[in-house]
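Q: Take a look at this one; I'll ask things after.
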Amino acid sequence: MENGDQANTSALPIRSAPQVEDDRGQGTAITHDGTPDESKTQGPKEQDENENGDEEDMTAEVDMIPAEKKKKKKRSKKPKSKRGLNKPTGFEEFYVDPPITVEEYNENKKRYDVALPILLRLEEAILRFQAKRRIENDRSHMFSKYLAYGGVDVGQSMFTGVDQRELEDMDKDQILAAKAQSWINSERSKMLIDFDAVARGYLFFYPDTKEMTKMGPITIKNFLTYLLHHDVCPEYKDNIDAARTSCDIVTRELWKNQRFIVQGPGNFNEACSTLFGGSFYDSYVGDNGWTPAAEEIRLMTPDIARKVVKFALAGAGSNEQASRFRDLANENVLSAVRVDDIDGFEITAVHPVQDDLREFYHQHAPDLNPVGKISGKAFRDPACPLPDLSPEERLQWEKADLATDEFEFIIEEGLLDLCYPGMKVITSVWKLNCGICFFDEVMSAYSSIYTVLPNDLMLGWKKPRGYAEGEADGSDGEDSKDNKPQDFL
């Protein structure tokens, strides 16, 4: 063996020959041929010393290499197509139900026979509509509220819980009935059925996003289309068509209402409220140094308010209004009065900004927004309570025609694009003694088909239980058999 090989092997531990003990407790070495080697016979003490020395000689320096940690395999997410996120839901813009076969047509004729009660047909149609569509959580919540608003009981019905074994023994119709979560109480058979009124009454809410404004009307219209496609209630075809039209109207107007509430009342009306009275009157307190930066609201200064009002009157006001405003301002007798007994106004006409007026603003006031006009009439919200009046005053108030109170408001071009005839604005209306009208902070805005129904008052209502003997004191009624109801009073 060469020196290089010896150097390499010296770094490895050397295994000694095995030993056995004889009767005297001495270790005897065993040679390669199996015979004991007497020359290497040692006593216990000498053996221990030699072993200690050999262990020191046989110790090798080995570099410890840390074991690599096993990397955890990341579970790759399934693509959206396999998770069902991109599957068609049945509510797409251009989705239509497939043509009905002859067998399905005959089944629908039996299932939705006109001779059957309308409540049974609607209940069956709701059940099959929910089974045919993939209704996601937000849409399901909205559709369930629509059904409850229309008088349908929504929730898990009693005694319908089934296990997997029972489902295996059922056919398709029985499985649908077992999984049903909506039904119509037979006590509602005497109620008036009006699909259009329910759609107009329900489609009144303030959405957070533009997509939410479309989800509600599209979902309801899809359900109404399903009723027409399967000929569920042909006697209400015209009423269902009117409801579908109402859904289209709400889709166009709902998001405009939301933006009008946020962006209103506009620079001109805010300026008038700051100078003459209203929610913005005397609200400017300098730089608002005491207000936290996160809650800071940019308020209009009186100087800027005067500039906004003067340019708006010069551009959009009549000569009579402008001259009377100037004379009253010089005499310092300008004042505003709030119009009572109304909740707001309804827009009757929209007058866009004229090109010459836009050029006037561009030359003389480029920092201001050009203005246009809207015409409106007094509006009283039917959802609000009537004013508290005496019988004589109420009779006098009912004879007064509130619709004759007409107004004309000046608003900026950006806000003017959100207005449309029939729009109802809930706000306070003010009149200046020079003949100019303005409105204050916008509280809410309703669409042109705004309808008030008492249905929402019945949401969650339960029929009261009758007084039974023994319920007052928690007994089963045996001990209180002779007691009468008045005995507990």
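The values are calculated or read from the model by the stated rules, or taken from the named source; none is laboratory data. Keep in mind it's a predicted model, so treat the numbers as computed, not measured. Positions of Cβ are backbone-derived with ideal geometry, glycine not excepted, and every protein chain shown enters the neighbour counts. Accessible surface is based on the protein model in full, side chains and every heavy atom, while ligands, DNA and RNA are left aside. Shrake-Rupley method; radii C 1.70, N 1.55, O 1.52, S 1.80 Å.
Q: When the residues of region 124-144 are filtered to those that are in a loop (DSSP other than H, G, I, E, B) and of a type outside the set (A, V, I, L, M, F, W, C), which remaining residue is modelled with the highest pLDDT?
A: 133
Q: From the residues in region 213-253 that are of a type in the set (A, V, I, L, M) and free of Cβ contacts under 8 Å to residues at least 40 places away in the same chain, which one is nearest to residue 110 (Cα to Cα)?
A: 228
Q: Now for a different question. What number of residues in region 430-447 are open to solvent by 40 Å² or more (accessible area, probe 1.4 Å) and within 30 Å of residue 149 (Cβ to Cβ)?
A: The number of residues fulfilling the criteria is 2.
Q: Does region 301-332 hold any residues that are open to solvent by 90 Å² or more (accessible area, probe 1.4 Å) and free of Cβ contacts under 8 Å to residues at least 40 places away in the same chain, and which are they?
A: Passing the criteria: 303, 306, 310, 319, 326, 330, 331, 332.
Q: For the structure I just gave you, tell me whether residue 121 is modelled with pLDDT of 90 or more, part of a helix (DSSP H, G or I), assigned by the TED database to the domain that holds residue 225 and not hydrophobic (A, V, I, L, M, F, W, C).
A: In short, yes.
Q: Considering each of 398, 392, 471, 478 in turn, give the residue that is farther than 21 Å from residue 270 by Cα, part of a helix (DSSP H, G or I) and either at pLDDT 75 or above or not assigned by the TED database to the domain that holds residue 378 (or both).
A: Answer to the check: 392.
Q: Looking only at residues that are closer than 28 Å to residue 248 by Cβ and more than 31 Å from the chain's Cα centre (by Cα) in region 78-103, which one is modelled with the lowest pLDDT?
A: 100
Q: Turning to a different aspect of this structure: Of the numbered conditions (1) loosely packed, with under 11 Cβ neighbours inside 10 Å; (2) within 30 Å of residue 188 (Cα to Cα), residue 458 fails exactly one; give the number of that condition.
A: Of everything listed in (1) loosely packed, with under 11 Cβ neighbours inside 10 Å; (2) within 30 Å of residue 188 (Cα to Cα), residue 458 misses just condition (1).
Q: Note down all Cβ pairs under 6 Å where the first residue falls in region 335-360 and is farther than 30 Å from residue 399 by Cα, the second is part of a loop (DSSP other than H, G, I, E, B), and they're at least six residues apart or on different chains.
A: Close Cβ pairs satisfying both conditions: 353/370; 357/370; 358/370.
Q: Of the conditions (1) open to solvent by less than 40 Å² (accessible area, probe 1.4 Å); (2) touching a Ser or Thr at 6+ places or on another chain (Cβ under 7 Å); (3) not aliphatic (A, V, I, L, M), residue 407 clears all except one; give me its number.
A: (2)
Q: In region 361-370, what count of residues is obtained for those that are in a loop (DSSP other than H, G, I, E, B) and free of Cβ contacts under 8 Å to residues at least 12 places away in the same chain?
A: Qualifying residue count for the region: 2.
Q: Condition first: under 36 Å from the mean Cα position of the chain (by Cα) and of a type in the set (Lys, Arg). Now tell me which residues in region 384-443 satisfy that.
A: Within region 384-443, 424 is the sole residue that qualifies.
Q: Among the residues of region 249-258, are any within 18 Å of residue 139 (Cβ to Cβ), open to solvent by less than 40 Å² (accessible area, probe 1.4 Å), in contact with a Phe, Trp or Tyr (Cβ under 9 Å, 6 or more places away or on another chain) and assigned to a helix (DSSP H, G or I)?
A: Scanning region 249-258 turns up at least one residue that is within 18 Å of residue 139 (Cβ to Cβ), open to solvent by less than 40 Å² (accessible area, probe 1.4 Å), in contact with a Phe, Trp or Tyr (Cβ under 9 Å, 6 or more places away or on another chain) and assigned to a helix (DSSP H, G or I).
Q: Quick one: which of 212, 191 is open to solvent by 10 Å² or more (accessible area, probe 1.4 Å) and under 23 Å from residue 134 (Cα atoms)? Break it down stepwise before answering.
A: Details: 191 fails: under 23 Å from residue 134 (Cα atoms).
Step by step, each of 212, 191 is checked, and only 212 is open to solvent by 10 Å² or more (accessible area, probe 1.4 Å) and under 23 Å from residue 134 (Cα atoms).
Q: Now a separate question. With region 412-458 as the region, which strands (runs of 3 or more DSSP E) entirely inside it contain at least 1 residues that are touching a Lys or Arg at 6+ places or on another chain (Cβ under 9 Å) and among the β-branched types (Val, Ile, Thr)?
A: Counting at least 1 such residues, we get 429-432.
Q: On to the next question. Residue 387 passes all but one of (1) part of a loop (DSSP other than H, G, I, E, B); (2) at pLDDT 75 or above; (3) open to solvent by less than 50 Å² (accessible area, probe 1.4 Å); which number fails?
A: Evaluating residue 387 over (1) part of a loop (DSSP other than H, G, I, E, B); (2) at pLDDT 75 or above; (3) open to solvent by less than 50 Å² (accessible area, probe 1.4 Å) leaves (2) as the failure.
Q: Turning to a different aspect of this structure: What are the residues in region 192-229 that are modelled with pLDDT under 90 and either within 16 Å of residue 123 (Cα to Cα) or not in a helix (DSSP H, G or I) (or both), if any?
A: If the condition is that a residue be modelled with pLDDT under 90 and either within 16 Å of residue 123 (Cα to Cα) or not in a helix (DSSP H, G or I) (or both), then 192, 203, 204, 205, 206, 207, 208, 209 are the ones that fit.
Q: Among the residues of region 358-384, write down those that are open to solvent by 20 Å² or more (accessible area, probe 1.4 Å) and aliphatic (A, V, I, L, M).
A: Within region 358-384, 368, 383 qualify.
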